[in-house]
Amino acid sequence: MRRRMKNDLQLKRELYMKCVNFVEDRYSKIQNQINGIQESLTSETKSSAGDKHETGRAMLQLEREKAGQQLAEVEKLKEALSKIDVDKTSEIIGMGSVITTSSANYFIAISAGQMTVNSQSFFVISPNTPIGLLLMGKKFGDAIVFRDHTFVIESVG
């Protein structure tokens, strides 16, 4: 029992670190995009075609705004991750739970898609997703029906 728990904690830590890297990578890409837009804005000089210049600047401003919104979303992801205690285990599914089911494996954290740890595939999902909402509060042995498919929770870590 103790050995399995140690492995479960290690698995949770690895999934968590993959999520942290996922968020840091997105943050870095968006920051580089913002820096590129800023450089374009400052380096653009007034051309003889004034309307074309203003349209270009307006488009860059819109891109910068969009990137700023994406950055705000990444900050929310960072905040969600900061609330996960990777050393805590619970029999009830909640934020930070690693779940195996008869259908698929899940890690409740952020929406980050599919990740692989130790040759096992996990769907890293937010608790707000349709499947996340169904899983939250459930425990080992519970059956879940999702899109006319029934599956059973085989473990919660």
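List of remarks:
- For the chain, leaving out every one of the trypsin sites (Lys or Arg not before Pro) that falls in a DSSP loop and has at most 16 other Cβ atoms within 10 Å, the longest unbroken run is 89-146.
- Across the chain, Cα pairs under 8 Å and at least six residues apart give a relative contact order of 23 percent.
- Helices in the chain, meaning DSSP H runs of at least 4 residues, each add -39500 (n - 2.57). Divided by all residues, the mean residue ellipticity at 222 nm is -18500 deg cm²/dmol.
- When only the Cβ of Lys, Arg, Asp and Glu is charged (+1, +1, -1, -1), the dipole of the chain relative to its Cα centre reaches about 500 debye.
- Crossing angle, helix 2-43 versus the chain [Cα axis fit, 0-90 degrees, rounded to tens]: 10 degrees
- In order through segment 56-61: 3J(HN,Hα) via Karplus (6.51 cos²θ - 1.76 cosθ + 1.60), integer Hz, x for Gly, Pro: x, 5, 5, 5, 5, 4
- 3J(HN,Hα) couplings calculated from phi for segment 128-139 with the Karplus curve 6.51 cos²θ - 1.76 cosθ + 1.60 (θ = phi - 60°) are, in sequence order, 8, 6, x, 6, x, 4, 5, 7, 4, x, 7, 9 Hz; Gly and Pro show x.
Each value in this text was obtained by applying a stated rule to the coordinates, not by laboratory testing. Keep in mind the model is a prediction, meaning the values are calculated, not measured. For neighbour counting, all protein chains shown are included, and Cβ atoms are generated from backbone atoms with ideal geometry for every residue, glycine included.
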